[in-house]
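Q: Before anything else, here's the structure in question.
The values are calculated or read from the model by the stated rules, or taken from the named source; none is laboratory data. As the structure is a computational prediction, the values presented were derived from the model and not from experiment. We place every Cβ from the backbone using ideal geometry, glycine too, and count neighbours over all the protein chains shown.
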Amino acid sequence: MYSEKVMDHFQNPRNVGEIENASGVGTVGNAKCGDIMRIYLDIDENQIIKDCKFKTFGCGAAVATSSMATELVKGKTIQEALQVTNKAVMEALDGLPPVKVHCSLLAEEAIHAALWDYAEKHGIKIEGLTKPKSDIHEGEEEEEEEEY
Amino acid sequence: MYSEKVMDHFQNPRNVGEIENASGVGTVGNAKCGDIMRIYLDIDENQIIKDCKFKTFGCGAAVATSSMATELVKGKTIQEALQVTNKAVMEALDGLPPVKVHCSLLAEEAIHAALWDYAEKHGIKIEGLTKPKSDIHEGEEEEEEEEY
Amino acid sequence: MKTRIYLDNAATTKTSQEVVDAMLPYFTEDYGNASSIYEIGQRSREAITKAREQIAQVIGAKTEEIYFTAGGSEADNWALKATFEAYEGKGNHIITTKIEHHAILHTCEYLEKKGARITYLDVDENGLVDLEELQKAICPETILISIMFANNEIGTIEPIKEIGMIAKEHGVLFHTDAVQAFGQVPIDVDDMNIDMLSSSAHKINGPKGIGFLYIRKGVKIRSFVHGGAQERKRRAGTENVPGIVGYGVAAKRAAETMEERTKKERELRDYFIQRVLEEVPYTKLNGDPVKRLPNNMNFSFRFIEGESLLIMLDMKGIAGSSGSACTSGSLDPSHVLLSIGLPHEIAHGSLRLTLGEDITKEDLDYTLEQIKEIVGRLRELSPLYED
Amino acid sequence: MKTRIYLDNAATTKTSQEVVDAMLPYFTEDYGNASSIYEIGQRSREAITKAREQIAQVIGAKTEEIYFTAGGSEADNWALKATFEAYEGKGNHIITTKIEHHAILHTCEYLEKKGARITYLDVDENGLVDLEELQKAICPETILISIMFANNEIGTIEPIKEIGMIAKEHGVLFHTDAVQAFGQVPIDVDDMNIDMLSSSAHKINGPKGIGFLYIRKGVKIRSFVHGGAQERKRRAGTENVPGIVGYGVAAKRAAETMEERTKKERELRDYFIQRVLEEVPYTKLNGDPVKRLPNNMNFSFRFIEGESLLIMLDMKGIAGSSGSACTSGSLDPSHVLLSIGLPHEIAHGSLRLTLGEDITKEDLDYTLEQIKEIVGRLRELSPLYED
Ligand SMILES: Cc1ncc(COP(=O)(O)O)c(C=O)c1O
Ligand SMILES: Cc1ncc(COP(=O)(O)O)c(C=O)c1O
Ligand code: FES
Ligand code: FES
């Protein structure tokens, strides 16, 4: 059901843990599946993400997307990090089953939430970043084309 | 599905044929299954059935019951022949499947019809014999206990 | 006596060894539940997907348009009952024919009690529906046309493409019971404008107890068996993985061998029909001589009754079937034979023989000899014969 | 990695070799249609009758009260839908529970749209229904009580005999979904006043795709699949002879080995439950500790999520299942675990392990070691753990 890359990141997740005194922390959850993801960012004065860690309570896809998302944003500028969409994460993982698309959205939103937290703490505004929902629960599943 | 006796009488039916100038001939049919049975009786002056023959258009059970019924009435008096009920025929054949009970009724009725014909031709009345229906079609199947 | 010559392949077929071999691992090795996440369950899922592909290909469908059922009857019931429910907003009128299988006809009777109005089209003496009559029967309330692809008793193949075109023109759904046709004649659901199609594995050397309903994407039909999320939530129940796998292999096999197999069958069929008509007096072929399933032969022998004929053939090791009342648990003569205009007593004396892939010319020659003798004997017994 | 330890026998079981061997001849030798008159068809019919007897015996039913279906889901659908139709003259009220299988619950939802009023009984924290609540729910319009014999997730066995008594006292029909209980616990339909009972072969080492509905004589339930005259005209479709034969053998086997097998399973189950509760912190047993299927173990491990656990177990060759959303195609957590009062995130971290006849103590010891390690790892990953 999962690609080899997903399984790899699930079994050997990168960047697990917490960052003490992180520049920004974002926690998001999906009310429907009950899963929770928390991302820690360490951002330097040049707005470059020096480090990134995560903790996830969730399915295999949630763990793998967390792991991949942290890999993808590490070393990036904030603006670059904003481009790490769930699509990008999914592509990097060679895809996810349709019912698991929302798990990757969780990762995108967790990064946004951490960036938002960073912006708030530092009293700055990040262009293109809107306040993320802390609860990701709609519109993300592939629509079944028919009613039964 | 059929007993050995039924199969025997079906494969080697006794008394097949016609009797010329028979004392009585009876033909009955079942409108539902479309089967037809004709019985010829040769009855002597002592009201003893000297010979009996049949022709049947019908299922295996119809052929076997015709054959057995002719065997059972041969040599009997008319009164004895009246006692050859479909039950007696079935018993002599070691039973019939429920859906085939009506076939044995056909045999009973065919004998009655032949006797009726004999009585009419000879202007006599046979005690206990009522005019047989020429069409046997109701009440003979085992009732299904429920409606579906 | 053991059956030596099995000529009832329209009733059911031998499951081919290849099919059984393909099924076996799914009983005792890859027995996992296909809905499970672990590896042994995923192997079941993959096997199901493969079978779905194999089947979809045969009729030019998309994989996800194939929904497995427990057989042809369930597929027929599903198509009619669920369409009736889903489209009640549009209307309550269904058009079918008088010669459908009981899985359609009895379902229609059931729906009539629920408020459906059913038009049962007549057929001509060969069993063909009249396209003009069909046209005329369509009204604004018509939600479904259900006409069988090929008849199970007399083998007549209906003008499905033309029917599909009419259905499409009028914006009416078209379901076809292809239980007898699948794997025997080329089918293309797009080319023929078929919206739903029923089929059953055991008619094509697959296992019993598995069938499918093809449902074109976009058709708003409800589920028939509610419960788990199997079959895209439309048909609940733990998947019959061995059955599905066997069906896939049987379908693939039937499609691959179709041309050659049916060519041979057609030759044998026509050879046998000709000899029977020539050599057995008072005999009639039922069904269309040309628009006919390659494996179907159906005769009426006047003055005799079908069950007797069947039993006697069985004693000679030949398995056939009859439109006769007595074999079906009901006593009524075949509704199909009556619909093509046979009188009761002739309908009773009919014999259906349906070829399978193993049948040879020698088998048929032997069968013909037996028929000649038995028909002769039974006519001797018959009070109708000399009349 | 190949599954070495299969602990998901509540999902489905391996078809036992004995069962497969019994089925095999009916694919390629005695493949006749059981409705046929000829000899090869009659052999199928005899085989079906024998299987029906074997099954009837297990639950103390009469042979002719067993109706074969394609599985448990169809049996559940049939019982509910057809009862609702047949007894609409009496009323429209059905009583069931919140912890039924989806085959019951989704059918109830469907019936609600058709005008049924359904009472979904609560259960206590062990999953048991309250008999007084049941009593109170009954009203003059109540036509059916449908309560499962044993729950498929948490293994809780309901007080079926008492429920049957209540149903009888009130003159209400009683159906029980015994898909998990059949062959695992003694069942007597007369003693327990059961009017209808669903079961599925693949749960007791029989084949997939075959089940039955027991219908007590006199219950006026309509057919669900209309068509041919099979199953006393109540369930149309060419009989799945190999499946039916396999079911008969599996049922006989399950009954014969029940005492010994379940004794061993109960011991293993209790041994494992005790060790898990002692050795894995923050762990809870779900379901009743005593009124419990002999092969069922269901735990909630706090702070972790079920799918991750399952995948990691799978990588160690262990197949289990989870009440977790992610495995079922739906994302909602198990309605059963929520019904016994678990909060969402705890319901998500549950693991169901169900024993089969081959499982040994060593298998369970290995499984425990893996669980300990995996649960530890996943808790390390979890943002909830240190909170
Ligand atoms: C309690 C219960 N009812 C019904 C079913 C449905 O049975 P099947 O999947 O064989 O249709 C199952 C198993 O899936 C079950 O555990
Ligand atoms: C035309 C037709 N439709 C439906 C069916 C029913 O199929 P099944 O018996 O597999 O349910 C059959 C065969 O029995 C058939 O010939
Ligand atoms: S995070 Fe919800 S199912 Fe994966
Ligand atoms: S005589 Fe009618 S079925 Fe036998």
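Q: Quick one: which of C:Gly127, C:Gly41, C:Gly89 is within 14 Å of chain D (Cβ to nearest Cβ) and more than 30 Å from D:Tyr6 (Cα to Cα)?
A: Answer to the selection: C:Gly89.
Q: State the number of residues belonging to region C:232-252 that are within 14 Å of chain D (Cβ to nearest Cβ) and either basic (Lys, Arg) or within 30 Å of C:Leu309 (Cβ to Cβ) (or both).
A: Residues in region C:232-252 being within 14 Å of chain D (Cβ to nearest Cβ) and either basic (Lys, Arg) or within 30 Å of C:Leu309 (Cβ to Cβ) (or both): 4 in total.
Q: Take D:Asp21 and tell me if it is without any contact (Cβ under 8 Å) to a residue 60 or more places away in the chain and under 30 Å from C:Glu39 (Cα atoms).
A: Answer is yes for this residue.
Q: Check off (1) more than 10 Å from chain D (Cβ to nearest Cβ); (2) touching a Lys or Arg at 6+ places or on another chain (Cβ under 9 Å); (3) surrounded by fewer than 24 Cβ atoms within 10 Å (Cβ to Cβ) for C:Thr83 and give me the number that stays unchecked.
A: Result: C:Thr83 passes all but (3).
Q: Restrict the check to region A:94-101 and report whether at least one residue is within 14 Å of chain D (Cβ to nearest Cβ), outside any helix (DSSP H, G or I), crowded, with 22+ Cβ neighbours inside 10 Å and away from ligand 2 (no atom under 16 Å from the Cβ).
A: Within region A:94-101, one or more residues are within 14 Å of chain D (Cβ to nearest Cβ), outside any helix (DSSP H, G or I), crowded, with 22+ Cβ neighbours inside 10 Å and away from ligand 2 (no atom under 16 Å from the Cβ).
Q: Take the residues of region C:62-77 that are polar (S, T, N, Q) and in contact with a strand residue (DSSP E or B) (Cβ under 6 Å, 6 or more places away or on another chain): which is farthest from ligand 4 (Cβ to nearest atom)?
A: This residue is C:Thr69.
Q: While we're looking at this one, here's another question. Being more than 16 Å from ligand 3 (Cβ to nearest atom), in contact (Cβ under 8 Å) with a residue 40 or more places away in the chain, part of a loop (DSSP other than H, G, I, E, B) and surrounded by 24 or more Cβ atoms within 10 Å (Cβ to Cβ) narrows it down to one residue among D:Tyr26, D:Tyr31; which is it?
A: None of the others qualify; the one that does is D:Tyr31.
Q: Name the one entry in C:Glu153, C:Glu239, C:Glu158 that is surrounded by 22 or more Cβ atoms within 10 Å (Cβ to Cβ), among the acidic types (Asp, Glu) and more than 28 Å from C:Val123 (Cβ to Cβ).
A: C:Glu239
Q: Kindly provide the set of residues from region B:35-68 that are within 16 Å of ligand 4 (Cβ to nearest atom) and part of a strand (DSSP E or B), ordered by number.
A: Once the filter is applied, which keeps residues that are within 16 Å of ligand 4 (Cβ to nearest atom) and part of a strand (DSSP E or B), region B:35-68 yields B:Ile36, B:Met37, B:Arg38, B:Ile39, B:Phe54, B:Lys55, B:Thr56, B:Phe57.
Q: Additional query: Quick check on this structure: which one of B:Glu80, B:Glu71 is away from ligand 4 (no atom under 13 Å from the Cβ) and without any contact (Cβ under 8 Å) to a residue 12 or more places away in the chain?
A: Testing whether each residue is away from ligand 4 (no atom under 13 Å from the Cβ) and without any contact (Cβ under 8 Å) to a residue 12 or more places away in the chain leaves just B:Glu80.
Q: Still on this model: I need the full set of residues from region C:57-77 which are more than 17 Å from the chain's Cα centre (by Cα) and either in contact (Cβ under 8 Å) with a residue 40 or more places away in the chain or within 14 Å of chain D (Cβ to nearest Cβ) (or both), in order please.
A: Within region C:57-77, C:Gln57, C:Gly60, C:Ala61, C:Lys62, C:Glu64, C:Glu65, C:Ile66, C:Tyr67 qualify.
Q: Next question, about the same structure. If you take the residues in region C:346-386 that are in a loop (DSSP other than H, G, I, E, B) and more than 10 Å from chain B (Cβ to nearest Cβ), which one is nearest to C:Asn298 (Cα to Cα)?
A: Checked region C:346-386; the qualifying residue nearest to C:Asn298 (Cα to Cα) is C:Leu355.
Q: Sticking with this structure for a sec: Can you find a residue in region C:14-35 that is closer than 29 Å to C:Gln184 by Cβ, within 21 Å of the chain's Cα centre (by Cα) and facing another protein chain (nearest Cβ under 7 Å)?
A: Yes: one or more hits.
Q: What is the one condition in (1) in a loop (DSSP other than H, G, I, E, B); (2) without any contact (Cβ under 8 Å) to a residue 40 or more places away in the chain that A:Lys32 does not satisfy?
A: (2)
Q: Right, here's the next one. Might you check whether a residue that is part of a helix (DSSP H, G or I), within 16 Å of ligand 2 (Cβ to nearest atom) and under 21 Å from D:Lys50 (Cβ atoms) occurs anywhere in region D:243-252?
A: Checking region D:243-252: at least one residue is part of a helix (DSSP H, G or I), within 16 Å of ligand 2 (Cβ to nearest atom) and under 21 Å from D:Lys50 (Cβ atoms).
Q: While we're here: Looking at B:His112, B:His122, which one is buried (at least 17 other Cβ atoms within 10 Å of the Cβ) and more than 16 Å from ligand 2 (Cβ to nearest atom)?
A: Going through B:His112, B:His122 in turn, just one is buried (at least 17 other Cβ atoms within 10 Å of the Cβ) and more than 16 Å from ligand 2 (Cβ to nearest atom): B:His112.
Q: Residues in region C:58-75: is at least one away from ligand 2 (no atom under 16 Å from the Cβ), under 25 Å from C:Gly218 (Cα atoms), among the small types (Gly, Ala, Ser) and surrounded by fewer than 18 Cβ atoms within 10 Å (Cβ to Cβ)?
A: Yes; the residues of region C:58-75 include at least one that is away from ligand 2 (no atom under 16 Å from the Cβ), under 25 Å from C:Gly218 (Cα atoms), among the small types (Gly, Ala, Ser) and surrounded by fewer than 18 Cβ atoms within 10 Å (Cβ to Cβ).
Q: Starting from residues that are surrounded by 21 or more Cβ atoms within 10 Å (Cβ to Cβ) and touching a helix residue (DSSP H, G or I) at 6+ places or on another chain (Cβ under 6 Å), keep the ones in region C:253-282 and report whichever is farthest from the other protein chains (Cβ to nearest Cβ).
A: C:Phe272
Q: Restricting attention to region A:83-97, which residues are under 18 Å from A:Gly60 (Cα atoms) and either of a type in the set (Val, Ile, Thr) or touching a Gly at 6+ places or on another chain (Cβ under 7 Å) (or both)?
A: Selection gives A:Val89 alone.
Q: Looking at C:Glu109, is it in a helix (DSSP H, G or I), within 8 Å of another protein chain (Cβ to nearest Cβ) and surrounded by fewer than 22 Cβ atoms within 10 Å (Cβ to Cβ)?
A: Answer is yes for this residue.
Yes or no, residue by residue, for (1) at negative phi; (2) surrounded by fewer than 18 Cβ atoms within 10 Å (Cβ to Cβ); (3) of a type in the set (Ser, Thr, Tyr); (4) modelled with pLDDT under 95:
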| site | (1), (2), (3), (4) |
| --- | --- |
| D:Thr3 | yes, no, yes, yes |
| D:Ala10 | yes, no, no, no |
| D:Thr15 | yes, no, yes, no |
| D:Glu18 | yes, yes, no, no |
| D:Ala22 | yes, no, no, no |
| D:Ile37 | yes, no, no, yes |
| D:Ile40 | yes, no, no, yes |
| D:Ala56 | yes, no, no, no |
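Q: Related question: Can you say whether D:Glu133 is part of a helix (DSSP H, G or I), within 13 Å of chain C (Cβ to nearest Cβ), over 28 Å from D:Ile204 (Cα atoms) and more than 13 Å from ligand 1 (Cβ to nearest atom), as far as the supplied structure shows?
A: Here the answer is no, as D:Glu133 does not meet what is asked.
Q: Take the residues in region A:14-36 that are buried (at least 21 other Cβ atoms within 10 Å of the Cβ) and more than 15 Å from A:Trp116 (Cα to Cα); name whichever of them is farthest from the other protein chains (Cβ to nearest Cβ).
A: A:Gly29
Q: Next up: Restricted to region B:95-141, and to residues that are touching a Leu at 6+ places or on another chain (Cβ under 6 Å) and modelled with pLDDT under 85, which residue is nearest to B:Leu41 (Cα to Cα)?
A: Among those residues, the one meeting the criterion is B:Ile136.
Q: Continuing with this model, one more query. Out of curiosity, is D:Ile55 in a helix (DSSP H, G or I), among the β-branched types (Val, Ile, Thr) and farther than 21 Å from C:Leu111 by Cα?
A: Yes: the conditions hold for D:Ile55.
Q: From the list C:Lys291, C:Lys264, pick out the single residue that is farther than 30 Å from C:Tyr31 by Cα, among the charged types (D, E, K, R) and more than 20 Å from the chain's Cα centre (by Cα).
A: None of the other options fit; the residue is C:Lys264.
Q: Shifting gears a bit: Suppose we keep only residues that are under 16 Å from the mean Cα position of the chain (by Cα) and without any contact (Cβ under 8 Å) to a residue 60 or more places away in the chain within region B:1-18. Which one would you say is nearest to ligand 1 (Cβ to nearest atom)?
A: B:Phe10
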